[in-house]
Amino acid sequence: MNLKIIKYGDPVLREKAEPVAVVTDALRALAADMIETMHRSKGVGLAAEQVGRTEKLCVIDIPEGCENEEDEAFNAPIQMPLVLFNPEIVSQEGSQRDKEGCLSFPGVGGSITRAAQVVCQYLDENNMPQMITARGFLARAIQHELDHLNGILYVDHMSAVERLTFAPKLKRLAAANGGAR
Ligand code: NI
């Protein structure tokens with residue numbers, strides 16, 4: 001089922017997600033709907049808050065060709081799409097700076113500095129604890145989605161200059177979606 005994507009301005013985007021005690025059929029169905037919604041919107045990641053939910057859940061699917069060759073080879077053992085319940089970043093290293101976008105911010109895109117590599121632990125759809133090490137674009141996506149689950153939005157990471165550049169757009173977007181910043 002295609003879900004409505006919540007845009008900047010809606011206060012739910014600032015909520016901190018609640019860890020799930022156990023992954024139920026209902027939560028698996030929610031994850032499947034989120035994957036469908038993400039694919040239809042041509043996104044590479046989606047967090048529960050972006051569909052108006054507060055379970056600690058996000059989905060990620062990086063299409064082929066988004067990574068440089070080295071990172072693609074490094075990330076190759078990680079199966080897509082990723083469904084992450086209760087994800088936590090347990091360690092990170094290095095840094096990378098690149099363009100980033102978000103389905104909740106149509107028409108806004110800035111350059112954000114993120115860790116180059118992250119180790120993420122989570123619960124999979126079968127309630128099994130998992131640990132992955134990701135680099136490059138996938139590492140960026142994991143950090144972006146985990147921020148969502150903590151009520152942090154990628155505009156919070158923008159430089160003052162970029163925020164100023166996008167200020168009129170952000171103001172219009174927020175006003176049209178409930179006014180929360
Ligand atoms: Ni986002």
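Numbers at a glance
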read-out: Candidate lysines for bridging to residue 169, where Cα separation is under 16 Å - those fewer than 8 sequence places away on the same chain excluded; value: 7
read-out: Radius 10 Å from Cβ of residue 48, net charge of other residues (Lys, Arg +1; Asp, Glu -1); value: -3
read-out: Charge tally in the Cβ shell below 12 Å around residue 117, where Lys, Arg are +1 and Asp, Glu are -1, residue 117 excluded; value: 0
read-out: Label point distance in nm, residue 1-residue 165, each placed 7 Å from Cα along Cα→Cβ; value: 4.0 nm
read-out: Alpha-carbon centroid distance for the pair the stretch 9-59 / the stretch 77-147, whole angstrom; value: 14 Å
read-out: Kirkwood hydrodynamic radius over Cα pairs of the stretch 1-128, then Stokes diffusion coefficient at 25 °C and 0.890 mPa s, in µm²/s; value: 156 µm²/s
read-out: Local net charge near residue 23, Cβ-Cβ under 15 Å (Lys/Arg +1, Asp/Glu -1); value: -3
read-out: Relative contact order (percent, whole number), the chain, Cα cutoff 8 Å, 6+ residue spacing; value: 29 percent
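Every number here is computed from the coordinates shown, using simple stated rules; none is lab data. Please read these numbers as outputs of a predicted model, since none were measured by experiment. Counting neighbours? That spans all protein chains shown, and the Cβs are built from the backbone with ideal geometry, glycine included.
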